[in-house]
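What follows draws every value from the coordinates through simple rules; no lab data is involved. Quick caveat, the model's predicted, so the values are computed rather than measured. When we count neighbours, we look across all protein chains shown, and the Cβ atoms used for this are built from the backbone with ideal geometry, even at glycine.
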Amino acid sequence: MIPHDSIVALATPSGAGAIAVIRISGEDAIVIGNSVFRSIKNKDLTTQKTHTLHLGHIMDNSKTLDEVLVSIFKGPNSYTGENTIEISCHGSTYIQQQIIQLLLRKGCRMANPGEFTLRAFLNGKLDLSQAEAVADLISSDNEASHQIAMQQMRGGFSNEIAKLREELLNFASLIELELDFAEEDVEFADRTQFHELLNRIEFVLKRLIDSFAVGNVIKNGIPVAIVGEPNVGKSTLLNALLNEERAIVSEIAGTTRDTIEDELVIGGIGFRFIDTAGIRETEDVVESIGIRKTFEKIEQAQVVVYLLDSSSQMTDGSFKQIQIELEKIKNKFPLKPLIIIGNKADKLNENQKSKIKNEIDNILLLSAKEKLGVDDLKNQLLSFVNTGALRNNETIVTNTRHYDSLLKALDEIQKVKYGLETNLSSDLMALDIKEALYQFGMITGQVTNDELLGNIFANFCIGK
Ligand SMILES: Nc1nc2c(c(=O)[nH]1)N(C=O)[C@@H](CNc1ccc(C(=O)N[C@@H](CCC(=O)O)C(=O)O)cc1)CN2
Ligand SMILES: Nc1nc2c(ncn2[C@@H]2O[C@H](COP(=O)(O)OP(=O)(O)OP(=O)(O)O)[C@@H](O)[C@H]2O)c(=O)[nH]1
Ligand SMILES: [K+]
Ligand SMILES: [Mg+2]
């Protein structure tokens, strides 16, 4: 059901900025706005054209609250699809509150989180996946997550899904028709064409499902675990990467007990660095819990940075020891990309540097303390990330709800395909198609319910 009441909210962040925007949407938005606005040119807002801007004062009876600019959007030509006005007032919290309270007295009600965008969806201005992308766009804090959200908001993949759903719907009705003529044993739906469509759908679904792995990682930051023996400089490296004193550093082995995580954007991609407890044999209960956690973090990490103290590797036999340690890690986590860092390179002379490079393949020498070579590490991390899909502007699924529907839709499509290949009766096939159509509709919002909408929009901020 499409609501008709007028909602109001602050659209800009609360607190003081130079300007704040208060937005009203609903059938009576312009009438209500007009009732508190005195134009400097005596204009009546209700008779102004859409997408026009007007200077005047907000009046609470004879009291002037502020000098403002009011913009007018006439439904359906607005973000929400309803009549909308925006009041740009001065950014004082006091003024904002006075104006909002005045509007509430004039018949508006406070908007719920996401209610403007919910209305845009209900009025057909956005489909559901586009509306959800709006929330992602607002929370995007790096180039990659921004690009994905922008692509989705422009309709990136709901268009594609809606088109496929349309084609599938076409076949569904032909197959339904066959059911009406069951006696005659006719086939209205061309089986070859139908098979071709199912293959096409399967291909698209699989591509979208695969993109989720990339999408999810980009949205949450690529987890990178920094591991190694105690005192090799893991926490110092974390601090050097983040450029702040995030973790405690000391010459005491076993300083870091619990893992410490923080985000850093490198080349437009978010990375989540995890500083861990140094790995060694220990009797200390707390330290050994920390070490167990380190192994869990390695498990979850997308990339492992293995640190060693290159200055302690110069005694005889120590290379052998390190090779054994590295083999252990590689055997334990054979599929993890591993970057091997020789830290404390500031303590080495050139001779020692070339010796260690010869002994340990692909070692990257750096000094976390002196912040030397940290950029090389950043570049190497970037080279691990498959950003091909991003560069090609391909659609990337980041939303768990979509992912879930895509998996279910694929399952149903494969059932239909199997039915077609094994000459399943039309009535049973029709059931599977219906289920697939349902899952497609769940993504675009063509199929929906209040609970789902409630969940989605409750996560928005107020004013959006
Ligand atoms: N001041 C302001 N800035 C904003 C928004 C807003 O609502 N207000 N937006 C809100 O998220 C975003 C822009 N999105 C918008 C989308 C559609 C329309 C709109 O008026 N659409 C009309 C007509 C377009 C035209 O003719 O120029 C339409 O769809 O018919 C406005 C904003 C970001 N910036
Ligand atoms: N010379 C030099 N010293 C370093 C470097 N990196 C770290 N250190 C020193 O090595 C010691 C240990 O550093 P941490 O960062 O605490 O080492 P850690 O690996 O986090 O240690 P645990 O958390 O105890 O496992 C400190 O005294 C650091 O100042 C470096 O690049 N060069
Ligand atoms: K330490
Ligand atoms: Mg540490």
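General remarks:
- Of the GluC sites (Glu not before Pro) found in segment 206-285, those in coil by DSSP whose Cβ has at most 14 other Cβ atoms within 10 Å are Glu244, Glu245, Glu251, Glu281, Glu283.
- Using the Karplus relation 6.51 cos²θ - 1.76 cosθ + 1.60 with θ = phi - 60°, the per-residue 3J(HN,Hα) values for segment 332-347 come to 6, 10, x, 9, 7, x, 10, 10, 9, 10, x, 7, 6, 5, 5, 8 Hz, with x marking Gly and Pro.
- Computed from phi, the 3J(HN,Hα) profile of segment 87-98 under the Karplus parametrisation 6.51, -1.76, 1.60 (θ = phi - 60°) reads 10, 8, 10, 6, x, 6, 4, 4, 4, 4, 5, 4 Hz, with x in place of Gly and Pro.
- Karplus-derived HN-Hα couplings along segment 113-123 (A = 6.51, B = -1.76, C = 1.60, θ = phi - 60°), whole Hz, x at Gly and Pro: x, x, 5, 4, 6, 4, 5, 4, 5, 5, 8
- Neighbour net charge for Met110 - beta-carbon separation under 15 angstrom, K R +1, D E -1: +4
- For Ile341, residues with placed amide H under 5 Å, excluding near neighbours: Tyr306, Leu307, Leu308, Leu364
- Counted by Cβ distance under 12 Å from Asn239, the other residues give a net charge of 0, where Lys and Arg count +1 and Asp and Glu count -1.
- Note on the chain: dipole from Cβ charges, positive end direction compared against Thr294, Phe116, Leu174; the farthest Cα belongs to Phe116.
- Local net charge near Pro223, Cβ-Cβ under 14 Å (Lys/Arg +1, Asp/Glu -1): -1
- Residue-averaged [θ]222 nm for the chain, counting only DSSP H segments that reach four residues, each worth -39500 (n - 2.57): -15500 deg cm²/dmol
- Exposed-site-free run, longest, the chain (rule: chymotrypsin sites (Phe, Trp or Tyr not before Pro); DSSP loop; at most 14 other C-beta within 10 Å): 189-464
- Long-range HN-HN contacts of Gly463 with modeled amide H, under 5 Å: Gly114, Glu115, Phe116
- Residue separation of Asp376 and Val285 scaled by 0.36 nm, minus their Cα-Cα distance, works out to 29.1 nm of gained length.
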